[in-house]
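Quick note: the coordinates plus some simple rules give every number you see, no bench work behind them. In this text the structure is predicted, and so the values were computed from the model without any measurement. Cβ coordinates were reconstructed from backbone atoms using ideal geometry, including for glycine residues, and neighbour counts include every protein chain displayed.
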Ligand SMILES: O=c1[nH]c(=O)c2[nH]c(=O)[nH]c2[nH]1
């Protein structure tokens, strides 16, 4: 009798990076670029490689890496939701013993800038840590119409210097926080939307580009809504603001079933300068407090109409 059993396993390649240049058909100097980091993990009939030291079923992670790069060269990688679908279908159809796959793609934000009042053909500014992320979990036994697909915006750092409040919260003997109707609000936006696969259609049609414009427009709309509400609302709390953002995205994007926000509340504390000749500090000089930070998460769904 052996002592242990394999409860679960998955393997593949992480941190596969590429920069792809897309050249316009009519102007070879008119480019788009995509810098991406890809993770592909396989599931399937690999147990003997763990339990019997039998490598026969292993598709080497090196092969996984080569495949990602070859498919990135041969196929359109825009938008990354489509490329994730292409990769998932490839690995699950090429190898009969691969039962499922998870694909995660991080895309950097390279944005063209203006030169002499016109958008450059092929020069870009990197927008810092902000990423677009796609996650796809596909199990072959469910068929290509059932999958779990999310798109996220991560590490979009924002700050507003007024029109944020926080008062009326629970008070007890541990409470020292003072209520405020005017504070700094800053966070690193992490917004994720879960696609409704029955509305979006099967992975094959996604891989063929049938939903490219939906992916692009929902991404732009989610980013715009997030920034717009952040700027315009007199925020009652991070909780209330993130719920409003999620609701606005659900209203605009019928193909989305849930929206999740995970937002650190990055604190900026007002310096008390009264010790210096009674100097008033009217929300002008703050201390950026690196830690601790608040962390507030919510997942928002759509109420279904009662018949
Ligand atoms: O928007 C906020 N939500 C909180 O839950 C919280 N807690 C806190 O101390 N400050 C804040 N701000």
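Could you list 110, 193 in order of exposure, starting from the residue whose Cβ has the fewest other Cβ atoms within 10 Å?
With the sparsest Cβ surroundings first, the list reads 110, 193.
Taking every pair of alpha-carbon atoms in region 1-67, what share in percent sits in each 5 Å bin, from 0 to the bin with the longest distance?
With 5 Å bins starting at 0, P(r) equals 4, 13, 17, 15, 12, 10, 9, 7, 5, 4, 3, 1, 1, 0.
Taking 0.36 nm per residue of sequence separation and subtracting the Cα-Cα distance, how much length would be gained by fully extending the chain between residue 14 and residue 74, in nm to one decimal?
That works out to 19.6 nm of additional length.
Seen from all sides and averaged, what is the projected area of the convex hull of the Cα atoms in region 1-142, in nm²?
Taking the Cα atoms of region 1-142, their convex hull projects to 11.2 nm² on average.
Viscosity 0.692 mPa s, temperature 37 °C: what is the translational diffusion coefficient of region 154-306 from Stokes-Einstein with a Kirkwood Rh over Cα pairs, rounded to a whole number of µm²/s? Walk me through the numbers on the way to the answer.
Working: Rh = 17.8 Å.
Answer from the Stokes-Einstein relation: 185 µm²/s.
Can you work out the base-10 log of I(q)/I(0) for region 197-246 at q = 0.20, 0.23, 0.27 1/Å, using the Debye formula on its C-alpha atoms alone?
-0.71, -0.79, -0.94
222 nm [θ] for the chain, helices only, -39500 (n - 2.57) per DSSP H run of 4+, per residue, to 500?
Roughly -8000 deg cm²/dmol at 222 nm, from the helical runs in the chain.
Springs between alpha-carbon pairs under 10 angstrom, Gaussian network model over the chain: which of 116, 62, 228 fluctuates most?
Result for the chain, Cα springs under 10 Å: 116 fluctuates most.
Order by neighbour count: 58, 206, 184, fewest other Cβ atoms within 10 Å first, most last. Show your work: numbers first, answer last.
Details: 58 13, 206 29, 184 18.
Fewest-to-most ranking of 58, 206, 184: 58, 184, 206.
With label points built 7 Å along Cα→Cβ from the Cα atoms of residue 94 and residue 5, find their separation and express it in nm.
3.2
Mind giving me the FRET efficiency for residue 171 and residue 295? R0 is 22 Å, r the Cβ-Cβ distance, nearest 0.05 is fine. Don't jump to the answer; show the numbers that get you there.
Working: r = 21 Å, r/R0 = 0.97.
Efficiency at R0 = 22 Å is approximately 0.55.
Arrange 146, 183, 302 by Cβ neighbour counts within 10 Å, fewest through most, would you?
Lowest to highest Cβ neighbour count: 146, 302, 183.
Where q = 0.06, 0.08 Å⁻¹, what log10 of I(q)/I(0) comes from the Debye formula for the chain, counting one point per Cα?
Debye curve over Cα of the chain, log10 I(q)/I(0) at q = 0.06, 0.08 Å⁻¹: -0.29, -0.49.
From the C-alpha coordinates alone, can you work out the Kirkwood hydrodynamic radius of region 183-269, in Å?
14.1
Spin-label point model (7 Å from Cα, Cβ direction): what's the residue 32 to residue 182 distance in nm?
4.5
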